[in-house]
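Accompanying notes for the structure given below.
The values are calculated or read from the model by the stated rules, or taken from the named source; none is laboratory data. Being a predicted model, the structure only gives us computed values, none of them experimental. Because the Cβ atoms are built from the backbone with ideal geometry, glycine has one as well, and the counts that use them run over all protein chains shown.
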Amino acid sequence: KDRLGGATRRQKPHIYGNHETWHNLTREGDTGSVEGAPLTTDHSFSPKCEITGKDALSAYARASTSQCQQEIANIVCLHQAGQLMPQRVARYCHLTERINNRIYRKGTSGLQWNEPDAGVVLSEKPLRIVYMLVVHGRAVRQLTRLIKAIYHKDHFYYIHVDQRSNYLHREITQLTERYVNIRITPWRMVTIWGGASLLTMYLRSMKDLLEMPDWKWDFFINLSATDYPTRTNKELVNFLSKFRDKNFLKSHGRDNARFIKKQGLDRLFHECDSHMWRLGERPIPEGIVVDGGSDWFALTRSFVEYVTFTEDTMVSDFKRFYKYTLLPAESFFHTVLENSPACGSLVDNNLRVTNWNRKLGCRCQYKHIVDWCGCSPNDFKPQDIARLQQLSRPTFFARKFESSVNQEVLDILDAHLFGEPPPETPGLKGYWENIYSSVEGMGGISDVDMTAYSSFIRMALHELQGPEKVKRWTACRFSPSGFPSNAELYFYDDHFQGYLIMQEVQSGETLEIWMMPRGTLKVADQKGVTNRIQSLEVSSEWDPKERIFRNFGGLIGPMDEPVAVQRWTRGVNLTVTVVWIDPTYIVAASYDIAVDSEADYTQYKPALTRPLRPGVWSVRILHFWEMVAEVQFLVIPLTVRNKKPLQSGDSWLHSGPPLGQYMEQSFQALSGILNLPPRADIEKEANKKSEFRSKELENWTDDSLRSFWSVGGVCQKTVSSSCPSLPICSDTHWSSLSRDPKSELGPVGQDGHLR
Ligand code: UDX
């Protein structure tokens with residue numbers, strides 16, 4: 001089966017070179033190219049040279065569109081001919097010293113900085129900052145919260161939204177249109193993680209900003225939606241006013257040769273098809289210093305002007321070099337500055353704190369996007385706050401923050417910066433993040449989500465009519481009109497509370513429903529060594545950095561790949577057996593996990609043959625075949641396949657894997673020791689269900705979901721005559737339509753702030 005995520009795999013084109021080195025690698029990934037470059041289907045293309053080198057051949061073979069393949073071939077040919085990369089670059093910095101015939105940067109130390117300065121207002125004209133916000137994803141409420149925290153009428157805000165994040169783009173455009181000093185880039189790029197496009201985007205944004213005659217800014221500061229200020233805007237302005245001519249860039253602080261290797265600066269990369277392809281080695285140009293570190297910085301207008309408009313060949317040479325560089329924004333500005341006439345303006349401090357925990361953040365998690373192992377910082381939690389206070393250097397921002405992971409830490413920062421919120425402020429502990437909006441169309445939604453959201457609506461509307469609810473609401477009858485219009489994740493006090501689904505009904509009203517998960521974990525009476533287990537969970541999209549499932553609600557369908565994760569306290573070394581049992585009592589998988597004394601998390605995704613049989617699965621943890629813990633999870637019977645109602649030919653989807661075998665090896669011999677009941681009847685029943693369609697199938701889906709989810713509430717957008725007793729969403733604390741002042745962008749205050 002084609003694993004290229006929908007891209008068509010062409011026949012391997014004719015290519016010169018050593019065919020032994022072809023790697024038959026496939027990758028999961030999206031099609032399309034940077035800035036929507038047209039996809040050509042030119043099969044007649046053949047490279048202009050003999051492509052040699054393992055990396056280049058591998059990239060050429062893996063590229064999923066012919067456009068990208070041609071780009072790779074052309075770049076490699078130019079590179080092989082020595083025509084792509086500058087070999088020697090002129091250096092304009094006068095601060096140099098030669099050691100072992102290499103040019104080294106003169107040490108740039110920190111600044112003299114006295115903490116109490118921060119509050120003093122300087123008499124000279126305060127400078128103006130342009131904040132460049134580079135954002136992606138869907139966390140619009142965190143982005144508005146950030147804007148609220150950094151906003152002042154005298155500064156400027158320029159926002160680039162990843163071309164793929166349409167929901168965020170639409171929302172933020174609407175929410176900021178009334179502020180004259182907030183603008184969204186009128187063009188957008190697919191800015192993949194670590195991609196060359198990130199630098200292209202910065203350079204283009206800088207040019208835009210320099211060409212806006214009405215925006216007279218002095219400093220350029222970039223932020224992502226996961227950054228947050230740790231000091232007030234006034235403190236930052238005062239600080240920068242004292243160091244108007246300095247450029248703040250954090251260097252890696254290690255051995256430079258090691259940095260170059262680790263960073264892959266001595267490798268040629270090319271971005272296409274939303275991937276950074278590694279194409280081989282390249283020398284570092286002679287005559288200059290290469291440096292790098294963090295891609296979060298504060299730059300003076302004059303340096304940004306220099307980078308944008310200078311005719312110095314050094315800058316054009318570096319633009320060429322960094323066009324083919326992984327994580328280019330982590331090195332381009334450092335390198336240009338340190339070789340430029342303004343090299344003396346460098347301060348080796350980017351004014352930020354980054355929450356690095358490399359043990360968790362460097363797990364090669366981007367290898368599907370870049371041919372390299374990259375790292376990411378961790379999200380701040382309240383216990384990390386101490387790090388922010390223990391710094392001797394001046395810092396004004398920290399990263400990263402994600403409200404879906406922890407919002408309390410932002411509340412702590414807000415209280416520190418702006419004071420405690422007034423008591424009774426609504427929505428303080430709530431966090432809402434959109435996962436589906438009909439305005440984007442159905443393109444982004446999976447069959448599993450589509451099935452679950454529709455089923456949730458049926459369940460809630462059914463309950464509204466039911467006699468058991470008469471006391472809460474006068475029985476109300478509604479019929480859904482089309483598919484739900486919106487779905488949000490709802491968190492309260494940093495705990496996932498379930499899904500909020502919005503639905504238009506035939507009488508014209510809009511309802512929002514809250515579906516709450518029911519817990520299913522059973523931990524056996526713990527004695528002796530087995531009391532280490534804290535939790536056992538099954539879901540998909542395990543994030544090893546934050547150690548959470550990004551599939552918060554654990555909605556899993558027959559074609560998904562569930563993962564089982566165990567959390568442990570420290571204790572004695574032990575080995576446990578993990579057993580997966582399908583709804584018809586097939587022992588789908590059994591494996592042992594060694595839990596050493598320090599282990600806090602263990603996780604494993606058994607390679608189960610799909611489709612998984614719909615119904616209730618259980619995962620058991622056993623120690624010497626004694627039960628330690630058990631959790632149940634649901635494989636949802638799908639009411640749609642490829643977004644269309646299930647057809648008669650779709651029975652295979654609900655029949656489990658061929659011959660009932662989930663793995664090559666059968667574990668059925670374990671059914672005795674696991675005390676599993678006989679299978680014959682339940683299997684017959686399950687096979688009958690696999691033929692269910694329409695109403696019968698919907699009932700099966702609804703009944704299955706009902707044992708894992710319950711209706712937490714229903715509200716209506718506006719008062720309706722059909723059901724006047726139903727609460728109004730804006731007054732309903734859990735509703736995504738209720739007040740959330742911490743993220744609301746209101747009018748500009750007397751003091752120029754939004755809060
Ligand atoms: C960090 C640091 O930025 C970098 O210095 C370090 O080397 C890697 O880790 P990380 O947290 O991994 O970055 O990346 P993230 O914040 O997700 O992305 C960096 C920037 O690219 C952000 O502004 C982000 O919004 C943008 N981006 C990322 C996109 O626009 N689209 C994406 O798909 C991913």
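Below are the figures for this structure:
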| item | result |
| --- | --- |
| Looking only at segment 376-389, and only at residues there that are surrounded by 18 or more Cβ atoms within 10 Å (Cβ to Cβ) and not hydroxyl-bearing (S, T, Y), the one that is farthest from the ligand (Cβ to nearest atom) | L388 |
| Any hit, segment 407-430, residues being under 23 Å from L388 (Cα atoms) and either β-branched (V, I, T) or in contact with a Gly (Cβ under 6 Å, 6 or more places away or on another chain) (or both) | yes |
| Complete set of residues in segment 658-678 that are over 17 Å from T577 (Cα atoms), assigned to a loop (DSSP other than H, G, I, E, B) and not aromatic (F, W, Y) | Q661, E664, P677, P678 |
| Residue in segment 519-535 that is farther than 23 Å from R613 by Cβ, out of contact with any Leu (no Cβ under 8 Å at 6 or more places or on another chain) and crowded, with 21+ Cβ neighbours inside 10 Å present | yes |
| Neighbours by Cβ (under 6 Å, 6+ apart or cross-chain): first from segment 729-746, within 20 Å of G712 (Cα to Cα); second in a helix (DSSP H, G or I) | S735/C729; L737/C729; L737/S730; S738/S730 |
| Residue within segment 221-228 that is closer than 15 Å to M132 by Cβ, more than 10 Å from the ligand (Cβ to nearest atom) and buried (at least 20 other Cβ atoms within 10 Å of the Cβ) present | yes |
| Those strands (runs of 3 or more DSSP E) lying entirely in segment 245-347 with at least 3 residues under 15 Å from L198 (Cβ atoms) | 267-272 |
| Qualifying positions in segment 321-342 - over 23 Å from V237 (Cβ atoms), within 13 Å of the ligand (Cβ to nearest atom) and not β-branched (V, I, T) | L326, L327, P328, A329, E330, S331, F332, H334 |
| Pick from segment 448-479, criterion surrounded by fewer than 16 Cβ atoms within 10 Å (Cβ to Cβ) and outside any helix (DSSP H, G or I), ranking: modelled with the lowest pLDDT | V470 |
| Enumerated strands (runs of 3 or more DSSP E) restricted to segment 566-628, each holding at least 1 residues that are modelled with pLDDT under 95 and under 14 Å from E537 (Cβ atoms) | none |
| For N350: the one exception among (1) more than 11 Å from the ligand (Cβ to nearest atom); (2) part of a loop (DSSP other than H, G, I, E, B); (3) within 23 Å of G253 (Cβ to Cβ) | (1) |
| Where a residue in segment 316-342 is closer than 19 Å to W296 by Cα and its partner, wherever it lies, is of a type in the set (K, R) and away from the ligand (no atom under 15 Å from the Cβ), with Cβ under 6 Å and at least six apart | E338/R105 |
| Of all residues making up segment 154-191, the number that are part of a helix (DSSP H, G or I) and among the polar types (S, T, N, Q) | 4 |
| So N406, is it closer than 30 Å to Y324 by Cβ, at pLDDT 95 or above, of a type in the set (S, T, N, Q) and assigned to a loop (DSSP other than H, G, I, E, B) | no |
| Answer residue from segment 692-707, given it is buried (at least 16 other Cβ atoms within 10 Å of the Cβ) and more than 16 Å from I513 (Cα to Cα) and is farthest from the chain's Cα centre (by Cα) among those | F692 |
| F318 among the hydrophobic types (A, V, I, L, M, F, W, C), crowded, with 17+ Cβ neighbours inside 10 Å and within 16 Å of the ligand (Cβ to nearest atom) | no |
| Selection from segment 174-194 of residues that are away from the ligand (no atom under 16 Å from the Cβ) and out of contact with any Lys or Arg (no Cβ under 7 Å at 6 or more places or on another chain) | Q174, L175, T176, E177, R178, Y179, V180, I182, R183, P186 |
| Count - residues of segment 349-359 that are among the hydrophobic types (A, V, I, L, M, F, W, C) and surrounded by fewer than 17 Cβ atoms within 10 Å (Cβ to Cβ) | 1 |
| Residue in segment 713-734 that is under 30 Å from I150 (Cβ atoms) and part of a loop (DSSP other than H, G, I, E, B) present | yes |
| Odd one out for T200 among (1) within 16 Å of the ligand (Cβ to nearest atom); (2) farther than 25 Å from W356 by Cβ; (3) in contact with a Ser or Thr (Cβ under 6 Å, 6 or more places away or on another chain); (4) not small (G, A, S) | (3) |
| Selection within segment 360-375 - of a type outside the set (S, T, N, Q), in a loop (DSSP other than H, G, I, E, B), closer than 19 Å to Y601 by Cβ and within 12 Å of the ligand (Cβ to nearest atom) | C362, R363, C375 |
| Boolean, M212 is outside any strand (DSSP E or B), within 11 Å of the ligand (Cβ to nearest atom), aliphatic (A, V, I, L, M) and under 30 Å from R755 (Cβ atoms) | no |
